[in-house]
Amino acid sequence: MGKVILSASGKGGVGKSVFIANMGAVLAERGLKIVMVDMNIGLRNLDLYAGVEGKVVYDVADVLSGACPLKKALVRDRRFPYLYVVPASSAREKFTAGPADVAALYADLRERYDFMLVDGPAGLGAELALAASGVDFAVIVTTLEYVSLRDADMTDRVLAKAGVVRRAYLINKVKKELMGSGLLPTLEDLSSVMRPPLLGIVQYDDNIHLAANGGVPIVAQKGSYIERNLGRIADRLLAMQG
Ligand SMILES: Nc1ncnc2c1ncn2[C@@H]1O[C@H](COP(=O)(O)OP(=O)(O)OP(=O)(O)O)[C@@H](O)[C@H]1O
Ligand SMILES: [Mg+2]
């Protein structure tokens, strides 16, 4: 039985989709069967980061409404051994499914994949509740700013209330030259906010940004410190699945 891992954040633009695209690539390279599901209803992004936007015909709303079978909405990323994407719908009104339908889709995918990496929406609204229906684990992504940390804490509380028992934090876009400047949250601030364990810290790096915008997960560029760091984060993510 596969596991469903969700990315979530309070604040938008913190790096959830880039994280999912990279974990998908790392885990697929390790021989695991991976499907990435874009649950950013109306704000489809993951297909672009995964470089498969030209192959999208059907989306998750089509599957949930019964307009097409799951098989037709699965887009294969041929650069990796076993990596698929289910794109989000770009028309918000097309998405009429409820939490039970989403949980049923995850249950179906659990039968065929080792990991379902769900790219969640920013914010605490109904979209988050939908994306989180029946997930096993959530990665709350935040940047090292007071607003982002506070929003991450709210997201953590909402997910806990929604029954997502296992959660971890990922701190993204860290600029090491600004750490210790007194202008950003300190490690002490961090530890007082974070209730779930820390999955990892990812540096701000223009190479991550440029690769993502070119539809290439940065982990595909071998030998860099970023690839090693994301590899270790994948190790911890697997270890946290128990
Ligand atoms: N570690 C990083 N270093 C540099 N740029 C990054 C890093 N992580 C993400 N980015 C960039 O930040 C921007 C936002 O990333 P992304 O789309 O993954 O965020 P998101 O949390 O999924 O956003 P949304 O809330 O809109 O879904 C993108 O331009 C991406 O290239
Ligand atoms: Mg996103």
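Nothing in this text is a laboratory measurement; each read-out follows from the coordinates by a stated rule. Keep in mind the model is a prediction, meaning the values are calculated, not measured. For neighbour counting, all protein chains shown are included, and Cβ atoms are generated from backbone atoms with ideal geometry for every residue, glycine included.
Here are a few things to note about the model shown:
- Peptides 17-27, 209-219 ranked from most to least packed, by the mean per-residue count of other Cβ atoms within 10 Å: 17-27, 209-219.
- If you run the Gaussian network model on the chain, springs between alpha carbon atoms under 10 Å, then out of L124, L149, L190 the most flexible one is L190.
- Förster radius 25 Å - calculated FRET efficiency between A162 and Q241, Cβ distance, rounded to 0.05: 0.85
- Size of electric dipole in the chain: Cβ of Lys, Arg +1 and of Asp, Glu -1, about Cα centre, debye, nearest 20: 440 debye
- Per-residue ellipticity at 222 nm computed for the chain from its helices equals -11000 deg cm²/dmol, with DSSP H segments shorter than 4 residues left out and the rest contributing -39,500 (n - 2.57).
- V37 long-range amide H proximity, modeled H, under 5 Å: V86, L117, V118, D119
- Which of Y225, P196, G214, positive extreme of dipole for the chain (C-beta unit charges): Y225
- Per-residue ³J(HN,Hα) for the range 121-134, Karplus 6.51 cos²θ - 1.76 cosθ + 1.60, θ = phi - 60°, Hz, x for Gly and Pro: x, 6, x, 10, x, 4, 4, 5, 4, 5, 4, 8, 5, x
- 5 angstrom amide H check on G123, placed H, neighbours 5+ away: S9, G10, K11
- Beta-bridge orientation, the chain: approximately 5 percent antiparallel, per DSSP, counting only bridges with both partners inside.
- With Cα atoms, 0 to 90° folded angle of helix 16-29 axis to the chain main axis: 70 degrees
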